[in-house]
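The values are calculated or read from the model by the stated rules, or taken from the named source; none is laboratory data. Quick caveat, the model's predicted, so the values are computed rather than measured. Reconstructed Cβ throughout: ideal geometry from the backbone, glycine too, with neighbour counts over all protein chains shown.
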Amino acid sequence: MEKQKKMALTEEEKSINIVDLFIYLIAHWKWFVLSILLFGGYFWYSYCETPFVYSRTAIVMIKTPANSRSAMQLNNADFIGQVNVASEILQFKSKELMRKVIDRLHADVSYMVRDGLRPRELYTDSPVRVAFLEAGLDEVCSLSVIPKNKQQVELADFSLDELEQRKTVNLNDTVDTPLGKLIVFTAENYSESYFDRPIKVTSKSREGMVAFWLSNLTIRQMSGDAALLSMTMNDLSPTRAADILDMLITVYNEEAIKDKNRISVNTAEFIKERLQIIEHELGSVETDIEDLKRANNGVDINTVAGMYIQDSRQYESSIKELDTQLQLVSFIKQYLQDSNKDDELIPSNIGLSDLSIESQISRYNETLLRRNRLVSGSSSNNPVVQELNRIMQTMKQNIYMAVDNLSKSLRLKKQDYMRQESHVRQKVQAVPGKQREMLSIERQQKVKESLYIFLLNKREENALSQAMVDNNARILDPVSGSNLPISPNKYKKMILGVGCGIIVPSVILLLILMLDTRVHNRKEVEAVVSAPFLADIPQTAKASVDAHEVVVRARGLDPLSEAFRILRTNLGFMLSQAQDHKIITLTSFNIGAGKTFVSVNLAASLVQTKKKVLILDLDLRKGKMSEMAHSKHVKGVAHYLSNPSIVVDDLILRDAFGEGLDLIPIGVIAPNPTELLLSRRLDELMDIQQGISAELSAAKIGLQMKVIIDRIEGDYYIGRTEFDSPEVDPEVLISVSGEELEIGQFYQAEVTDADDFDLYAKILNKYE
């Protein structure tokens, strides 16, 4: 049981009363007000000096084979390409594109002016423009430009100037400054409203600005796999944010067009080279025919062969087509085997009979372009780039194998046609050798002519394809956004200020409370002790009360008087449960706790019950109680204990603290208080006190009093008079051998006998 009580007490100690904590915090409201004012002021100042940030957004669509048809697709309907939207996002976020945007917009130069505490980016609204003629791309420098009049400005606050120079220069003039040579130009907004207002001009590192703009750029793919991108740019100037987005899309489209045109340009170069070769070969063949006809005096040899030659021509036509294909195949194989052209595009749409090879070449060229874009936006070590290199290598090997297989197939067909032609040729053996020579030369001529015409057609088709290339991205929603800033948020700042103003003092006060080992109230004591509380004595605001005043008044309604009445009553009830205890001890761990104050005022409270009370001051070291009665230097206990001739009656100060409250003072501060308190005179003094109590009790014999019965103990009913407190005042003992009495009932009784501390009585009648 005892263990359970201790456990319950421990849990009670650990529990936290939220209401008490709240009341504790509310009691320190001044600190909260001060903290809220401080933090609120700080965050308000932070809000007022922070520049506004604006947001601009554009919606663009990346053109894919699903939503657009290029010239290449029109020429080859079976080819279906694919666009990786994630790769295009990386292209938008490439540093090279952002460098070009910054260079075109001169976005690496900032113009700031202060509106109160808050700086504001002017951008195109700046009244001046500064050209740093000697500043490098990675150099950061700044200065203040202060317009003075329509012709002059003042330059100050140079970032590289330790002497803090100030220069007044003319507009549009080249001037020498600590930052090198520069020119200050006027802008359209140059007016008197900017006179004497410093404009902070900062030329920043281009690479630093590239990183800054990319960090403020957000690109989000909309609706899952859709080729729609939401592009958002945050900046101190809404106009500059919109310009950067527009320019970024423009530069992206320009680079995409260059990539697409690169295929057509490479194909055009290939066709040009082959045309020159075929033109030269065709000229040689025509010269041979001319020489042969001249040698045969212009005779038509072909008419001699008759119908056999007609059959031979059918085979020759087939062989001619096969020769054309073989030459094209040979050209492609030479191109694929040329190691100097590994990073170049493979010519496409040159007329190969196998359309699957053309499709493979187109897919390889598109993959190569995609790889080159990623390399320009990141590096060759990018995992995506490495994967594309692997895919391209595989694709090139497959193309070469397909071309090689086509070459073998064409050669087999040619051999078959040649066997058929040889069979026919045996039938025209009678034809002169010059006829065969003429046929051979004419066949070569036709092959060269057909190939020449074919390449001319492809050149025109390639030029048409180049002309049909369009932008890779289309703007669906133009750049737009609210004119209200997205940050700083005034309400968020104030909420943070108020929140910190509440949290910080709360934490500090709670830490102080947790680290405070003092006892502040009754609950804290009740949580750790099992002894009952008799009363709470409130602390008065008057500093002098604790040491120099008796505050209990006979009919006083003040809290202190009432508190001592409660103490007197509860003390009586407590002592009624312990017959052997007649002594009340007041103690504390330190001086000034109120022992003397409580003792005197408790005695004053007892006087109000019509009792004679004698206070004996035995504090021979300090005599605080005697000091309260202003009797510290009269005869007292010290004189009595040291001088046998002094009697007690000479020491008693009547009504020292009020009517009925007597005092025996200490007399003087004794040099040897311990020895005095051990003398027999002190025991004699206590005996005298007991004798006085006995005399007072004996004086009541024969008196009739109103008595209340409290309890039964042994052979007696224990009662007290209507003016007495339990155990504090003499008790009335009534024998149980008489009539039966009711506990808590008043009776009229006559005192028949008395001892030192108790009265004996008999019951006369009962009070109704």
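Of note:
- Members of the range 151-203 that are on the phi > 0 side of the Ramachandran plot and either in contact (Cβ under 8 Å) with a residue 24 or more places away in the chain or acidic (Asp, Glu) (or both): ASP157, GLU164, GLY180, ASP196
- Of all the numbered requirements in (1) acidic (Asp, Glu); (2) surrounded by 14 or more Cβ atoms within 10 Å (Cβ to Cβ); (3) at pLDDT below 80, ASP416 misses one, and that requirement is (3).
- For the range 500-536, residues that are β-branched (Val, Ile, Thr) and modelled with pLDDT of 80 or more total 6.
- Residue in the range 490-511 that is hydrophobic (A, V, I, L, M, F, W, C) and exposed (fewer than 11 other Cβ atoms within 10 Å of the Cβ) present: yes
- Positions within the range 188-211 being loosely packed, with under 15 Cβ neighbours inside 10 Å and within 18 Å of VAL128 (Cα to Cα), in sequence order: GLU188, ASN189, SER191, GLU192, SER193, PHE195, ASP196, ARG197
- Remark: ASN266 falls outside the filter, which requires a residue to be buried (at least 16 other Cβ atoms within 10 Å of the Cβ) and touching a Ser or Thr at 6+ places or on another chain (Cβ under 6 Å).
- Output for the range 738-762, where each listed residue is among the hydrophobic types (A, V, I, L, M, F, W, C) and under 12 Å from TYR717 (Cβ atoms): LEU741, ILE743, ALA749, ALA761
- Enumerated strands (runs of 3 or more DSSP E) restricted to the range 116-215, each holding at least 1 residues that are at pLDDT 85 or above and touching a helix residue (DSSP H, G or I) at 6+ places or on another chain (Cβ under 9 Å): 118-121, 128-132, 141-147
- Any chance ARG274 is more than 30 Å from PRO478 (Cβ to Cβ) and in contact with a Phe, Trp or Tyr (Cβ under 8 Å, 6 or more places away or on another chain): yes
- Restricted to the range 628-742, the set of helices (runs of 4 or more DSSP H) holding at least 3 residues that are at pLDDT 70 or above and buried (at least 18 other Cβ atoms within 10 Å of the Cβ) comprises 637-642.
- Residues that are in a loop (DSSP other than H, G, I, E, B) and out of contact with any Asp or Glu (no Cβ under 9 Å at 6 or more places or on another chain) were ranked within the range 95-115; the one that is surrounded by the most Cβ atoms within 10 Å (Cβ to Cβ) is ASP108.
- Flag for ILE219 being in a strand (DSSP E or B), closer than 15 Å to GLN91 by Cβ and touching a residue at least 40 places away in the same chain (Cβ under 8 Å): yes
- Only listed residue being among the hydrophobic types (A, V, I, L, M, F, W, C), at pLDDT 70 or above and in contact with a strand residue (DSSP E or B) (Cβ under 7 Å, 6 or more places away or on another chain), chosen from VAL83, VAL33, VAL19, VAL53: VAL53
- Scanning the range 116-146 for residues that are surrounded by fewer than 20 Cβ atoms within 10 Å (Cβ to Cβ) and of a type in the set (Asp, Glu) yields ASP125, GLU134, ASP138, GLU139.
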